[in-house]
Amino acid sequence: MTSSTLGVFGGSFDPVHLGHLHSMWELQLHLSLDTIHFIPCAQSPLKQQSLASAEHRIAMLKLAIRGQPKWQVDDREIQRQGASYTIDTLKSLKQDFPQHNLCLIFSMDVAVDLPKWHKWEELFDYANIIILSRPEFLLPEASWVQDLKKRTLANSSELRTKKSGGVWWQTTTALNISATEIRNLCKKQQPPPYLLQHDVWQYIQQHKIYTE
Ligand code: ATP
């Protein structure tokens, strides 16, 4: 039986930039996911507190994905508050979308820290995982990586037939952009016009985000 696929793309999005948007666009081209939820965290368990408020991060995301009918901003982690554990987010999505196959999406730079995630082994009970491969990030020779590799799906069409537990490695073009770099440029009064979606760049300037 085939099911609709729901991509789960979480992050600080402080701010959302073209690296995020381009990789999701390419992913959509390759895998035709039915929908992708961009989920800004309230508090990342592994990172410092976001600089921009949740309201600003949501507003920037909404501007960035406007016009993409299959993408939506999902504020469940902001509403839940506290540490944003992905396992809780998957459980909540499973309740709201019981017929969908959840596809948790993250890049290699995030994958290297997977064993530090709260209850990370349980993630496979709720979702398939799509890892955006980036040549500059190699995973260590560790037993948990072997476990991940053993879960590799033979074909991406299995994301529609297998409810959870599989891993799909997707190569996307790596744009060397980070939110940290953007925040640093803003602090130097140089908000970078070509690393961000234009409306997001204007929003940052208008609200003087990251300049302090
Ligand atoms: P920061 O610099 O603040 O750590 P970031 O730019 O890495 O932020 P996040 O919002 O923390 O952005 O990332 C959310 C997701 O987007 C993660 O899975 C991350 O790996 C991925 N990601 C970040 N930058 C890129 C990029 N340039 N290309 C593709 N994916 C990216």
In a Gaussian network model of the chain with springs linking alpha carbons closer than 10 Å, the residue among 41, 103, 186 that fluctuates most is 186
Could you please rank 144, 71, placing first whichever residue has the fewest other Cβ atoms within 10 Å of its Cβ? 144, 71
Go ahead and estimate [θ] at 222 nm for the chain from helices alone: -39,500 (n - 2.57) per DSSP H run with n ≥ 4, summed, over the residue count, rounded to 500. -10000 deg cm²/dmol
³J(HN,Hα) across the stretch 69-75 via Karplus (A = 6.51, B = -1.76, C = 1.60, θ = phi - 60°), whole Hz, x for Gly/Pro? x, 8, 10, 8, 8, 10, 9
Per 0.36 nm of contour for each residue apart, how much would the distance between residue 30 and residue 99 grow if the chain were fully extended, relative to their Cα-Cα spacing? 22.6 nm
When we measure straight from the Cα of residue 119, which aspartates and glutamates land under 12 angstrom away, once same-chain ones fewer than 8 places off are left out? 88
Which whole-number percentage describes the relative contact order of the stretch 4-176, with Cα contacts under 8 Å and a sequence gap of 6 or more? 25 percent
Residue by residue, what Karplus-based ³J(HN,Hα) values in Hz, rounded to whole numbers, does the stretch 142-154 have, using 6.51, -1.76 and 1.60 with θ = phi - 60° and x for Gly and Pro? 10, 5, 5, 5, 4, 4, 4, 5, 5, 7, 4, 6, 6
Between residue 49 and residue 142, what is 0.36 nm times their sequence separation minus the Cα-Cα distance? Round to one decimal in nm. 30.5 nm
So residue 154 and residue 185, fully extended at 0.36 nm per residue minus their Cα-Cα distance, gain in nm 6.9 nm
Label residue 199 and residue 171 with points 7 Å out from Cα along Cα→Cβ: what is the distance between them in nm? 3.4 nm
So for R0 = 30 Å, FRET eff. of residue 83-residue 133 from the Cβ-Cβ r, to 0.05, ends up at 0.60
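No value in this document is a laboratory result; all are computed from the given coordinates. Note that the structure is a prediction, hence the values are computed from the model and not measured. All Cβ positions, glycine included, derive from the backbone under ideal geometry; neighbour counts span all protein chains shown.
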